[in-house]
1. Being surrounded by fewer than 22 Cβ atoms within 10 Å (Cβ to Cβ) and either assigned to a strand (DSSP E or B) or among the polar types (S, T, N, Q) (or both) is the filter here; which residues of region 40-56 pass it?
2. Tally time: how many residues in region 161-206 are among the acidic types (Asp, Glu) and closer than 30 Å to ASN123 by Cα?
3. Note down all Cβ pairs under 6 Å where the first residue falls in region 13-29 and is not assigned by TED's automatic domain parsing to the domain that holds VAL50, the second is not in a strand (DSSP E or B), and they're at least six residues apart or on different chains.
4. Pairs, please: C-beta under 9 Å, at least 6 apart or cross-chain, first residue assigned to a helix (DSSP H, G or I) and in region 192-205, second surrounded by 13 or more Cβ atoms within 10 Å (Cβ to Cβ) and among the basic types (Lys, Arg)?
5. Out of region 1-39, which residues are outside any helix (DSSP H, G or I), farther than 19 Å from ASN99 by Cα and small (Gly, Ala, Ser)?
6. List the helices (runs of 4 or more DSSP H) that sit entirely inside region 62-119 and contain at least 1 residues that are out of contact with any Leu (no Cβ under 9 Å at 6 or more places or on another chain), under 18 Å from VAL29 (Cα atoms) and modelled with pLDDT of 90 or more.
7. Identify all residues within region 66-83 that are farther than 14 Å from CYS33 by Cβ and either surrounded by fewer than 20 Cβ atoms within 10 Å (Cβ to Cβ) or of a type in the set (Ser, Thr, Tyr) (or both); write none if there are none.
8. I'm trying to understand the selection: among the residues of region 166-188, which are touching a residue at least 40 places away in the same chain (Cβ under 8 Å) and either assigned to a helix (DSSP H, G or I) or not assigned by TED's automatic domain parsing to the domain that holds LYS152 (or both)?
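The values are calculated or read from the model by the stated rules, or taken from the named source; none is laboratory data. None of these values were measured; they are calculated from a predicted model. Cβ placement follows ideal geometry from the backbone for every residue including glycine, while neighbour counts extend to all protein chains displayed.
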Amino acid sequence: MITIAIADDHKLMSEGIASILQSDPALTVTKICTNGKELVEYLVNNTVDVVLVDLNMPVLNGPDTISALKKNQVPSKIVVLSMYADEHIYAKCRELDINGYLRKDSDAQHLIDTIKTIYHGENKYDYDQTPNPDEMNVLFGDKFLNKFRLSKRELEIIDLVRNGHTNQEIANILFLSIHTVMTHRKNILHKLDVRNTAEMLALING
């Protein structure tokens, strides 16, 4: 049985999530807290496998709650629950060394599957900086996409580079190591047959 605690000041939201999770016999919600302070105090004398933490809460917000849990060496897997899709928020959460990031509008089965995945040791982040196919056509043009056959991840990185992000920022945003980002960028230059970032941007911008 995977035990879970939820911290969210929106009662309907937390109770709804708890109901979804407990529809699976392998999951049980042992505590629902209305703020981060309540969660931190609960975990002083209690243990759960996974904690779900909202970012915006009174008394003690999400980031401060996570920092307190880390300071207290709480062994639980920590998952952020949020409606936000802002890159700076993702980067901040990444700095806090969380195990997962879940959108509150996730469907029920995805929520359940993600909790199980994280419990079994794999980090999971619902983060997708890639524009949809129609947006990609606008950004890069049909001919460009068809000619170079870049992967989804490579297109993500190109879009971030053209928006001025550094390798470290891209690594934070996409939850990758900086080495992985640098490898992707090297592969992109090779596929585009250009020597550097300036030539890459010149090619993309036509």
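1. Once the filter is applied, which keeps residues that are surrounded by fewer than 22 Cβ atoms within 10 Å (Cβ to Cβ) and either assigned to a strand (DSSP E or B) or among the polar types (S, T, N, Q) (or both), region 40-56 yields ASN45, ASN46, THR47, ASN56.
2. Residues of region 161-206 that are among the acidic types (Asp, Glu), as a first pass: 169, 193, 199.
Filter once more, keeping what is closer than 30 Å to ASN123 by Cα: 169.
Qualifying residue count for the region: 1.
3. No pair meets every condition.
4. Listed by first residue and then by second, the contacts come to THR197/ARG185; MET200/ARG162; MET200/ARG185; LEU201/ARG162; ILE204/ARG162.
5. Passing the criteria: SER23, ALA26.
6. Working: elements: 62-71, 87-95, 108-119.
Ranges flagged: 108-119.
7. Hits for region 66-83 are SER67, LYS70, LYS71, ASN72, GLN73, PRO75, SER82, MET83.
8. Residues of region 166-188 that are touching a residue at least 40 places away in the same chain (Cβ under 8 Å), as a first pass: 169, 172-175.
Listed by number, the residues that qualify are GLU169, ASN172, ILE173, LEU174.
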